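Let me begin by presenting the structure, written as structure tokens, before commenting on it.
The values are calculated or read from the model by the stated rules, or taken from the named source; none is laboratory data. Predicted model, so just to flag it, every value in this text is computed and none were measured. Reconstructed Cβ throughout: ideal geometry from the backbone, glycine too, with neighbour counts over all protein chains shown. In case anyone asks, the SASA skips ligands and DNA or RNA and just uses the protein heavy atoms, side chains included. Shrake-Rupley method; radii C 1.70, N 1.55, O 1.52, S 1.80 Å.
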Amino acid sequence: ELAYACTGMMTAIEANSLAQMPLIIAANDEQKKKYLGRMTEAPLKAAYGVTEPGAGSDVAGIKTTAVKKGDKYVINGQKMWITNGGVADWYFVLAKTDPSAGAKGMTGFIVDGDSPGITVGRKEINMGQRCSDTRGITFEDVEVPEENVLGTEGVGFKIAMGAFDHTRPPVAIGAVGLARRAMDEAVKYAMERKTMGVPIAQHQAINFMIADMAMNIEAGRMLTYKSAVEIDSGNRNTYYASMAKAFAGDAANKIASDAVQIFGGNGFNTEYPVEKLMRDAKIYQIYEGTSQIQRLIIARELFADLSKITPQ
């Protein structure tokens with residue numbers, strides 16, 4: 001819940017974890033020692049390079065390619081909306097090694113940030129979370145040694161998607177942190193602002209909005225903890241991770257919007273904190289899988305195993 005203070009900072013920290021997760025899942029000992037060991041020693045920063053201008057939710061639609069030439073792979077393509085893109089010391093990059101094989105033709109690579117042929121785009125000015133570094137990254141004939149392949153050829157998609165089971169709970173709890181901040185600001189304002197001779201906190205309409213905020217924050221937190229406990233216990237948590245991400249992201253947006261409503265005209269002004277919280281909240285329904293994609297995953301997991309309906 002570090003996002004209580006600043007979701008942009010939380011995203012920068014979590015994006016480091018997202019980039020490392022494919023290595024934690026699939027890297028060999030030498031790769032882990034070289035790239036993960038240095039993360040705390042230096043410290044270093046990393047970025048997860050999967051999304052492209054024409055491929056967000058549809059990861060199978062990526063166009064970046066990696067062609068093997070001798071003992072190296074040559075990567076060409078463009079990635080977009082890459083968090084930490086401008087400061088990364090290395091990238092996890094998903095590319096197609098066999099374009100005719102669909103998802104089974106994708107391979108994951110560890111690419112050093114100072115490799116010749118990498119062009120870092122301008123820092124994007126986003127709606128919210130503006131202290132988070134988001135950029136486009138272009139790869140032009142970037143040579144990567146074959147020892148930097150994660151796993152084997154063709155398993156990159158599985159590795160990239162498997163990382164989300166570990167990283168969606170932290171994203172969800174970030175949304176909870178933002179929601180908690182929005183509620184705290186709304187509660188303080190409601191106790192100070194007076195209408196009809198009394199603080200607006202005494203009006204039933206405001207009471208109901210605050211009560212809904214509190215319920216959704218607690219529910220989001222518990223759902224996130226459930227998804228975290230499952231993965232920490234060695235269980236597949238895809239079902240719960242998607243639930244936590246979707247619920248907490250949607251709740252954060254509703255709570256931030258209601259906080260602005262409680263502030264009234266002041267909430268629409270940059271002099272007060274809730275307008276920033278509302279802008280920052282939106283990305284929680286988009287990155288690391290949109291709220292709609294999460295619902296598709298939840299339904300798919302449910303119909304594949306109807307025993308999930310039974311309380312565990």
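So here's what we get for this one:
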{"read-out": "Residue among Gln292, Gln204, Gln20 with the largest mean-square fluctuation in a Gaussian network model of the chain, springs linking Cα atoms under 10 Å", "value": "Gln204"}
{"read-out": "Diffusion constant of region 58-145 at 25 °C, which comes from Stokes-Einstein with the Kirkwood Cα-pair radius and 0.890 mPa s, µm²/s", "value": "181"}
{"read-out": "Spatially proximal lysines relative to Lys34 (Cα-Cα < 30 Å; intrachain offsets below 8 disregarded)", "value": "Lys45, Lys63, Lys68, Lys69, Lys72, Lys79, Lys96, Lys104, Lys123, Lys158"}
{"read-out": "Taking N as its residue count, the alpha carbon Rg of region 1-96 over 2.2 N^0.38 Å", "value": "1.17"}
{"read-out": "Carbon + sulfur, % of accessible area of the chain - ligands and nucleic acids excluded, 1.4 Å", "value": "57"}
{"read-out": "Rounded FRET efficiency, nearest 0.05, which uses the C-beta distance separating Glu218 from Glu147 and R0 of 41 Å", "value": "0.30"}
{"read-out": "Mean Cβ neighbour count within 10 Å, used as a protection proxy, ranking 86-93, 257-264 highest first", "value": "86-93, 257-264"}
{"read-out": "For region 252-312, alpha-carbon Rg and Dmax in angstrom", "value": "17.2, 50"}
{"read-out": "Relative intensity, log₁₀ I(q)/I(0), of region 110-156 from a Debye sum that treats every alpha carbon as a point, q = 0.21, 0.22, 0.26 Å⁻¹", "value": "-0.82, -0.85, -0.95"}
{"read-out": "Debye equation applied to the C-alpha atoms of region 83-132, log10 I(q)/I(0) at 0.13, 0.17 Å⁻¹", "value": "-0.46, -0.69"}
{"read-out": "Under-5 Å amide H pairs with Arg193, H placed in peptide plane, nonlocal only", "value": "Ile200"}
{"read-out": "Residue of Arg295, Arg279, Arg193 that the Gaussian network model of the chain assigns the largest fluctuation, springs spanning Cα pairs under 10 Å", "value": "Arg193"}
{"read-out": "Kirkwood Rh (inverse of mean 1/r, distinct Cα pairs), region 165-211, angstrom", "value": "12.1"}
{"read-out": "Among 110-123, 220-233, the order from most to least packed when residues are scored by Cβ within 10 Å on average", "value": "220-233, 110-123"}
{"read-out": "Residue-level accessible surface for Glu146, protein heavy atoms, 1.4 Å, Å²", "value": "80"}
{"read-out": "Mean separation of Cα contacts under 8 Å (6+ apart) over length of region 180-279, as relative contact order %", "value": "30"}
{"read-out": "With eigenvalues of the C-alpha gyration tensor scaled by 5 and rooted, the chain, Å", "value": "39, 22, 16"}
{"read-out": "Charge dipole of the chain about the Cα centre (unit charges at C-beta), most positive-ward option of Thr64, Pro116, Leu277", "value": "Leu277"}
{"read-out": "Degrees separating the helix 291-304 axis from the principal Cα axis of the chain, which is the longest one", "value": "70"}
{"read-out": "Relative contact order for region 32-164, counting Cα pairs under 8 Å that sit 6 or more residues apart, in percent", "value": "27"}
{"read-out": "Where only alpha carbons of region 101-241 are counted, the Rg and the Dmax (Å)", "value": "22.8, 73"}
{"read-out": "Accessible area per residue in Å² at 1.4 Å probe, computed on the chain", "value": "48"}
{"read-out": "Area accessible to solvent at Lys79, 1.4 Å probe radius, in Å²", "value": "0"}
